[in-house]
Amino acid sequence: MNRRDLLIGAGLAALVASGGAALAQQPVVKIGYQLPLTGNTAQYGQDFKNAAEIALAKFNASGKPFKVEIVFEDSRSDAKEGIAIARKFVDDKQIVGVLGDFTSGVSMASAQVYKSAGMPQLSQTASHPDYAKISEWQFRNITTQAQEGPYNADWMADQGFKKIAVIAEQTDWGQTVVSNFADEVKTKGGEVVFSEFFNRGLADFRPIITKIAREKPDAIYTGFFYEDGAQFLKQMKQLGLTIPVYSTSAAYNQKLIELAGADAEGMHLTATFLPSNPAPQVQEFVAAWKEKTGQAEPGQFPAQAYDAVNIMLAALEKAWPEPTREKVRDALAATKDFPGVTGDTTFDADREPAKKLTKAVVKGGQFVAVSN
Amino acid sequence: MAGTNPAMTLESVGLENHWHESRGLFGPNLPVPMDYYLQQLAIGLSLGMVYALMAIGFTLIFGVLNVVNFAHGEVYTVGAFAGLVVISAFAPPLIVVLLVVVAVGALAGVGLERIAFKPFRRFSDEASLKSRAMREATLMSSLAVSIVVREAVEIGFGSQFQTVPLDRLLNSPISLGPVTIVSGDVIILVVAALMLGGLQYVLKRTNVGLSIRAVSSNPLGAKYVGINTDRTIIWTFAVGSMMGAAAGILVGLYYGAIFPSMGFIPGIKAFVAMVMGGLSSIPGAVICALILGFSESIATIFVPSVWADMVAYGFLIVTLIFFPRGIFGGARDRV
């Protein structure tokens, strides 16, 4: 080894050492994530957390000038808890953006805190029409029933269904499922012959199903999540009813098929995410999800959470250096054609995402995209 | 319900192809209002049986201790999860699953008694035995155990519905003329009848039963005549919890819904049935559970189903105001 090599070696070593030091001192930007990690809706929150960790690990490993840390807080899907968490996040001066919550109710309760404190909030699932209207600080990464309801009504009208029964869960969200859908059915000359709400987690749908049967509808439109959906479909088959069932993207989850088995066959719904989509970012997410959770393919909700986290991370990057809550908000508002796993996302002037909906049907134990 | 108009026009459109032809209720001859009401009654009966199954063990324990065991709903949950674990691991026939679940239930009951109830009986002087405060402290301790157990199950299994092997569900339809019931209805009816009959036999004809009744009607007196009250109470918990656990797995397989908070709603319904039945009368609780099931199902004929839960609370309030000793309280023996 001659002197020149030695010099280069020493230089390289110094470079590695200084690089390492820079890595160790890399600045950290914090964001908050409020979501249900315990309680009746914990399964959704756990999915969001897994999706967020996948997105975060990828971001932090990609050699950005700063690291991001996500502070997860458990809201139990309780509005009171949500507000307490919102106050905590607002008080932490290091937190420049917030993700969550899961339900529209809790998201909207917390939004009041974020509105008065000026904190950008991006919910992956809050689909109540009034959520994004609360203030310029609220964003969401989910299609609302204002888009899905008419879309489904048109789909069903195209199939020639005139008399339609509607049931939905008794929540803010469930109300929007019914109202948005029913308005479009009337415009298309159809008729809603039966409409009723049920309490989420209802064990026995048979009294309602019997009532629906009496009205002899051509088809049933439903606003439920996969657990209630599985119960409904099973009990419908028990009673021997074979009316076509349509639903929203909220029911889109592989667990629905797992719980209801063959009784789920033929159910129609809309979705913005299909794990079979060959797009590289979708396949990358599906693979990472399977590896991290050991579960089957992710449903639509974790996919939305994954995109929401990535949109937030991209906004942080845009706001860098010295990200503030204002700069992150402005960066979020400027989100345009963000290539996510649930399609390209652009926020319009009302901070609403426009997404492309896919029609799907359960066939052979799988959600399959269909053209009509 | 803004923007919806449930117009009730029944024009006869030729859409019979959407209906299952073989069953009376949904056959092409609709509308037949009688069939509709019969079907709702059948559903009410099966709801009532489900509540009764839970109410039997609940009432037995109340009868002896004179205090509500808030953890009974969790015994029900534990029974369902134990059954599910056995089914996934060994796939034995239903009767074996039931036996294992009953054994787990007995253990859970004994453990529950040891943790939440025994410590409040450690003083055996007369003042402590008569003290309401000592007795009612177990309201809190049993509630605490129920929260810990529920959260533990949630940490272990997650809060979502567990996947139950579909062929093990007790929901194959059975057609009875115009009415459709499922196989689980028959099984639950038989099990509830066996439980009720067996329990009456045990209480009236065996030594354990006699001492349970003695402790139930006068714990201090029972102690004075030499009955081992501690052991009797443990027996009561074992028997009551066996029934709770069996109810859990049966109802879990009946609906295909096994999840950590599954015991909450049936617990409330069983509580209402118990209060209506006079707090300590088991046959009274069973009859009231059936009344409750029927009423809920009939109520859904007239009002939206979101209001059906109000039926139970309405009954509770009416009972407390007009029949403070329960509809079947007053004249009857305890237990």
Starting from the Cα of B:A137, step 7 Å toward the Cβ, then list every residue of region B:103-131 with an amide N under 19 Å from that point. B:112-131
List the lysines whose Cα sits under 29 Å from the Cα of B:K118, skipping any in the same chain fewer than 8 residues away. B:K130, B:K204, B:K223, B:K269
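Counting only Cα atoms, I'd like the Rg/Rh figure for region B:121-232, Kirkwood definition for Rh. Spell out each step's value before the answer.
Numbers: Rg = 21.6 Å, Rh = 18.8 Å.
The Rg/Rh ratio comes out at 1.15.
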Mean Cα-pair separation over length for region A:173-328, i.e. relative contact order, pairs under 8 Å, 6 or more apart, %: 16 percent
Gaussian network model of chain B, Cα springs within a sub-10 Å range: biggest mean-square fluctuation belongs to which of B:V50, B:V75, B:V182? B:V182
How high is the FRET efficiency between B:I155 and A:D154 when r is their beta carbon distance and R₀ equals 60 Å, given to the nearest 0.05? 0.85
Quick one: if you stick a label point 7 Å off each Cα along the C-beta vector at A:Q283 and B:I174, how many nm between them? 5.2 nm
Cα-based equivalent ellipsoid of the protein assembly as shown: semi-axis lengths in Å, sorted from largest, via gyration tensor: 49, 36, 22
Which percent of the Cα-Cα distances in region A:145-271 go past 17 Å? 51 percent
When the Karplus curve 6.51 cos²θ - 1.76 cosθ + 1.60 is applied with θ = phi - 60°, which whole-Hz ³J(HN,Hα) does each residue of region B:87-100 get, with x for Gly and Pro? 4, 5, 7, 10, 6, x, x, 4, 5, 5, 4, 4, 4, 4
Which angle between 0 and 90 degrees, to the nearest 10, do you get for helix B:282-302 versus the longest principal axis of chain B when only C-alpha atoms count? 30 degrees
Can you give me the long-range amide H partners of A:S195? Hydrogens built in the peptide plane at 1.01 Å from N, cutoff under 5 Å, separation of 5 or more residues or another chain. A:V166
Computed ³J(HN,Hα) along region B:193-205: with the Karplus parameters 6.51/-1.76/1.60, θ = phi - 60°, integer Hz and x for glycine or proline, the list is 5, 4, 4, 4, x, x, 5, 4, 4, 4, 5, 8, 10
Using a 1.4 Å probe on heavy atoms of the protein chains only, the accessible area for B:L107 in Å², nearest 10, reads 130 Å²
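Restricting to Cα atoms and excluding each atom paired with itself, what does the Kirkwood estimate give for chain A in Å?
Values: mean 1/r = 0.0457 Å⁻¹.
Taking the inverse mean of 1/r over all distinct Cα pairs, chain A comes out at 21.9 Å.
Which sequence of A:W173, A:W155, A:W320 reflects their accessible areas, 1.4 Å probe, from the largest down?
Working: A:W173 25, A:W155 0, A:W320 75 Å².
Highest to lowest solvent-accessible surface, that is A:W320, A:W173, A:W155.
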Going residue by residue through region A:152-162, the Karplus relation 6.51 cos²θ - 1.76 cosθ + 1.60 with θ = phi - 60° gives ³J(HN,Hα) values, rounded to whole Hz and with x marking Gly or Pro, of 5, 4, 5, 4, 6, 5, 4, 7, x, 7, 9
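By how many nm would the segment from B:T163 to B:K130 grow when fully extended, if each residue of separation counts as 0.36 nm and the alpha-carbon distance is taken off?
Value of the extension gain: 7.1 nm.
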Run the quick spin-label model on B:N66 and B:I301: label points 7 Å from Cα toward the beta carbon, then report their separation in nm to one decimal. 4.3 nm
List the aspartates and glutamates whose Cα lies under 18 Å from the Cα of A:K216, skipping any in the same chain that are fewer than 8 positions away. A:E191, A:E196, B:E11, B:E16, B:E21, B:D35
Can you compute the modelled spin-label distance between B:V148 and B:L41, with each label point 7 Å from Cα toward Cβ, in nm? 4.8 nm
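Taking 0.36 nm per intervening residue step and subtracting the Cα-Cα distance, what contour gain separates A:A117 from A:T242 on full extension? Numbers along the way, then the final one.
Working: separation 125, 0.36 × 125 = 45.00 nm, distance 5.20 nm.
Result for the pair: 39.8 nm of gain on full extension.
I need the calculated FRET efficiency for the pair B:R231 and A:E265, taking r as the beta carbon distance and R₀ as 56 Å, to the nearest 0.05. Provide the component values of the computation, followed by the final result.
Values: r = 55 Å, r/R0 = 0.98.
Once the sixth-power term is evaluated, E becomes 0.55.
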Quotient of C-alpha Rg and 2.2 N^0.38 Å, computed over region B:46-269: 1.06
Need one value: the accessible area of B:Y254 in square angstrom, 1.4 angstrom probe, rounded to the nearest 10. 10 Å²
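The values are calculated or read from the model by the stated rules, or taken from the named source; none is laboratory data. Note that this is a predicted model, so its numbers are computed, not measured. Virtual Cβ from ideal backbone geometry, glycine too; neighbours counted across all protein chains shown. We work out accessible area using only protein heavy atoms, side chains counted, and drop any ligands, DNA or RNA first. Shrake-Rupley method; radii C 1.70, N 1.55, O 1.52, S 1.80 Å.
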